[in-house]
Amino acid sequence: MQKAKLPLTIDPYKDAQRRMDYEGFIPVSQLSRLGEFVGNVQTDAQVTLSLSVDPQRLTVIKGTAEVDVELGCQRCGNAFTQTLGVEFCFSPVSNMDQADSLPEIYEPVELNEFGQVDLLAMIEDEFILSLPLVPMHESEHCEVSVEEQVFGELPAELASKPNPFAVLANLKKN
Ligand SMILES: [Zn+2]
């Protein structure tokens, strides 16, 4: 069965009362803000969401999201694919005072002017926050470690070859 496109916005209070679950995707074409932080967004984002009301009567948006992006390795400079997987647990707030009084287990997500949560912005933020500060290959896939091995075994005659600039300087003298 083909999965549905995730709605762009939800009414979290209504959905929490009905204990709504979402399983859907955000198409690559909509992930343009994430695209500014990576070489390329390679797949649609797969998202699951569960809405509920907790014992303190707080609305909870719990879920997961996954997307493949292309990053540039900071060690060898080549591109590689990284899967960004995030888990989140939000509670909607209408202002920052409300955010301060939330229990620590919840991240605040601000409601827009229509009292809705912008799912695209919320999930893109999570992906951007999960990006590695210094993207690098796993060492077994990184080309630098291979090059270093080759360099370490440089044949003796190559290592003792005279500097080409020194050779040029000698020619000019003659
Ligand atoms: Zn690398």
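Quick notes
- Inter-part distance where the range 40-73 and the range 95-137 are each reduced to a Cα centre, Å: 10 Å
- Solvent-accessible area per residue in the range 45-101 equals 50 Å², computed with a 1.4 angstrom probe and all protein chains kept.
- q = 0.17, 0.31 Å⁻¹: log10 I(q)/I(0) that the Debye formula gives for the range 56-113, counting C-alpha atoms only: -0.67, -1.22
- Table column - 3J(HN,Hα) (Hz), the range 94-109, Karplus curve with 6.51, -1.76, 1.60, x for Gly and Pro: 9, 7, 6, 4, 5, 4, 5, 8, 6, x, 4, 5, 10, 8, x, 10
- Sulfur and carbon atoms: percent of accessible area, the range 1-95 [1.4 Å]: 44 percent
- Estimated from the Cβ-Cβ distance and a Förster radius of 30 angstrom, the FRET efficiency linking residue 121 and residue 18 is about 0.85.
- Translational D in µm²/s for the range 29-73 (Stokes-Einstein at 20 °C, 1.002 mPa s, Kirkwood Rh from C-alpha pairs): 170 µm²/s
- At q = 0.09, 0.19, 0.21, 0.22 Å⁻¹ the log10 of I(q)/I(0) for the range 1-133 amounts to -0.29, -1.07, -1.23, -1.31, computed by Debye summation with a single uniform scatterer per C-alpha, solvent ignored.
- Label-zone membership for the range 102-138, site residue 89, 7 angstrom Cα→C-beta point, backbone N under 13 Å: 103-108
- Cβ-defined net charge surrounding residue 114, 13 Å radius [Lys, Arg +1; Asp, Glu -1]: -3
The values are calculated or read from the model by the stated rules, or taken from the named source; none is laboratory data. Fair warning: this is a prediction, and the values are worked out from it, not measured in the lab. We place every Cβ from the backbone using ideal geometry, glycine too, and count neighbours over all the protein chains shown. Heads up: the accessible areas ignore ligands, DNA and RNA and are worked out on the full protein's heavy atoms, side chains in. Shrake-Rupley method; radii C 1.70, N 1.55, O 1.52, S 1.80 Å.
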